[in-house]
Amino acid sequence: IEIYSLHVDCKVTSRFAHTVITSRIVNRANESRETTFEVELPKTAFITNFSMSIDGEVYPGIIKEKAAAQEEYDTAVSQGQSAGLVKITDRKLEQFHVSVSIAAASKVTFELTYEELLKRQLGKYELLIKVRPKQLVKHFQIDVHIFEPQGIQFLETDSTFMTNELTEALTKVQNETKAHILFKPTLDQQKKNPELDETLLDGDFVVRYDVKREATAGDIQIVNGYFVHYFAPQEMPVFPKNVVFVIDRSGSMTGRKIEQTKDALLKILQDLRPEDHFTFITFNNKVVEWKSSLLPATEENVASAAALVQTLTARGGTDIDGALLTAVGVLEKAEGLPERSVSMIILLTDGQPTSGEKNVEKIQENVQKAINGKYALFCLGFGFDVSYKFLEKMALSNGGIARRIYENADAALQLQGFYQEVATPILMQIEMQYPENSVEGLTKNNFKLFFEGSEIIVSGKLSNEMDLLPVEIKAQSHTSNLTLKEEANVKEKEQVFQNQRYIFGNFMERLWAYLNIQQLLEEAISAQEEDQKALEAQALDLSLQYSFVTPLTSMVVTKPQQQEELANKPTEAG
């Protein structure tokens, strides 16, 4: 089985990435053989299309509602076990894989398309392409085109498998608003050494960039009646933080996990700003407060906290409820905190609640009632014994986010990276306002917190012909209440994307649909049951209308001899 051509073609237009992977394979054996098409794609992406063509016959993938697809599939395969075509493989990736039998001397072309809106983190966007052909490929290329009307601030490529020879196969061309990256290694350049047919191409190919930002009220882009508004203010004073770290030291944290947690906490302590206040709560079946109140992050207090962190050992049960309620209590009775400041609780746990209140619904209810919208709760789940669903629901219900920490060598870096994302809050209570009578289908437009290095994105459709789209942003900064205003000239903005060969059709409308689906699914996690059903129904309609494989849809992959398989999108919560 020879892969004679493998192309990764990626167009990024205004942060929205559209990637097509085409693999052409020939069976050089004199009998039929099974061939497998395997692609690792970012978890944040949605597959939108897949097809196989075998000797000119095309077998498309068809996207349907999950339940309907499953039913149809079960009928088709009343015996035997269905193999899931998509599974999570690592903290950023999931893998799509299809096998098909092809006759001697036959050719097959696989084509997979997926889309995602790149998310700004720590001041940059990251486009991740996983490269793993497992053999030398005669025609191999990665072709990335980026068009950012705001202008490209910087652009870098990075790869885990580059050698000096391979660097020669990489070209980058860039001007004010566009970049083209081409990676096209010859067979010889792909070889680990000249004698053996082993490939060097195995790992990540990453493009990172950021855009220029001038306008204070963000940047508005408009295509075919749909708009997107990007807002990422810079150089603003940082809110002081009041942070309660709630650290699990139950028996299951023993060994590498507690060591990695200690490493990360020591670094995080160094990153606290002098105007921040902080304290630690550690818990197993007992909840222990380091100090009875929050302390300013002076050198002395940080050193004393570091000494405590060094002594942490893991044993005993897990009282998540008691620990979180204690944390809320500390913030409730805190005195002398800066008037304009952001209070947050960061929970790190690796297991299920085993002591104190064990019912997760009850814990969620207790915590939400205690926090009452006043503080943000961030939940970090270490490893795979946690109920991620429980942590995610609890975080999203209390203005925070959840993250899974993978038990790899870099777990301490994952923890630190997460902390850096929330370390610099610069705006609170952000409201993005648009004229009600002329904008519809608006995505989420009010946000509790904005952290430096991230980006707020709002999208919607213009419901009538207008010349100007006025926007107004209201927010609180550390020093004042802000009102920012901007007017977008619709005709001028539409002009920007005319005659760009980068544009894939209705990309702005697809960006709007993608963002909408992501937000509806997230909102559904923490909603009451009836609301949850309504939100999921809306997300399902959009997934079907724009053909996205989301957690609510399935792709039915058809094969020769009337065989069918299902591709479902996995979620972190399983």
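The values are calculated or read from the model by the stated rules, or taken from the named source; none is laboratory data. Bear in mind the structure is a predicted one, so any value in this text is a computation, not a measurement. A quick note on method: Cβ atoms are made from the backbone with ideal geometry, for glycine too, and the neighbour counts reach across all protein chains shown. The accessibility values were calculated without ligands, DNA or RNA, using every heavy atom of the protein model including side chains. Shrake-Rupley method; radii C 1.70, N 1.55, O 1.52, S 1.80 Å.
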Does L337 satisfy the condition of being under 22 Å from the mean Cα position of the chain (by Cα) and either touching a residue at least 60 places away in the same chain (Cβ under 8 Å) or surrounded by fewer than 21 Cβ atoms within 10 Å (Cβ to Cβ) (or both)? no
Applying the selection to region 403-420, what residues are touching a residue at least 40 places away in the same chain (Cβ under 8 Å), under 15 Å from the mean Cα position of the chain (by Cα) and crowded, with 17+ Cβ neighbours inside 10 Å? R404, I405, Q414, F418
In the set E472, E572, which member is in the same structural domain as G225 (by the TED database) and not hydrophobic (A, V, I, L, M, F, W, C)? E472
Of the residues L566, L540, L544, which is at negative phi and out of contact with any helix residue (DSSP H, G or I) (no Cβ under 9 Å at 6 or more places or on another chain)? L544
Can you name the residue in region 362-389 that is at pLDDT below 95 and part of a helix (DSSP H, G or I) and, of all such residues, is most open to solvent (accessible area, probe 1.4 Å)? K389
Scanning region 554-574 for residues that are of a type in the set (S, T, Y) and either more than 20 Å from S32 (Cβ to Cβ) or buried (at least 20 other Cβ atoms within 10 Å of the Cβ) (or both), which turns out modelled with the highest pLDDT? S554
Residue list for region 175-224, restricted to those being basic (K, R), at pLDDT 95 or above and over 20 Å from R120 (Cβ atoms): K184
Of everything in region 24-63, what is small (G, A, S), within 28 Å of the chain's Cα centre (by Cα) and under 15 Å from V557 (Cβ atoms)? Give them in sequence order. S51, G61
Single match in E407, E421 (criterion: part of a helix (DSSP H, G or I) and of a type in the set (D, E)): E421
Go through (1) in a loop (DSSP other than H, G, I, E, B); (2) without any contact (Cβ under 8 Å) to a residue 60 or more places away in the chain; (3) buried (at least 17 other Cβ atoms within 10 Å of the Cβ) for Q150 and report which single condition fails. (2)
Only one residue in L294, L269 is within 32 Å of the chain's Cα centre (by Cα) and in contact (Cβ under 8 Å) with a residue 24 or more places away in the chain, so which one is that? L269
Test: K241 is in contact with a His (Cβ under 9 Å, 6 or more places away or on another chain) and closer than 30 Å to L41 by Cα: no
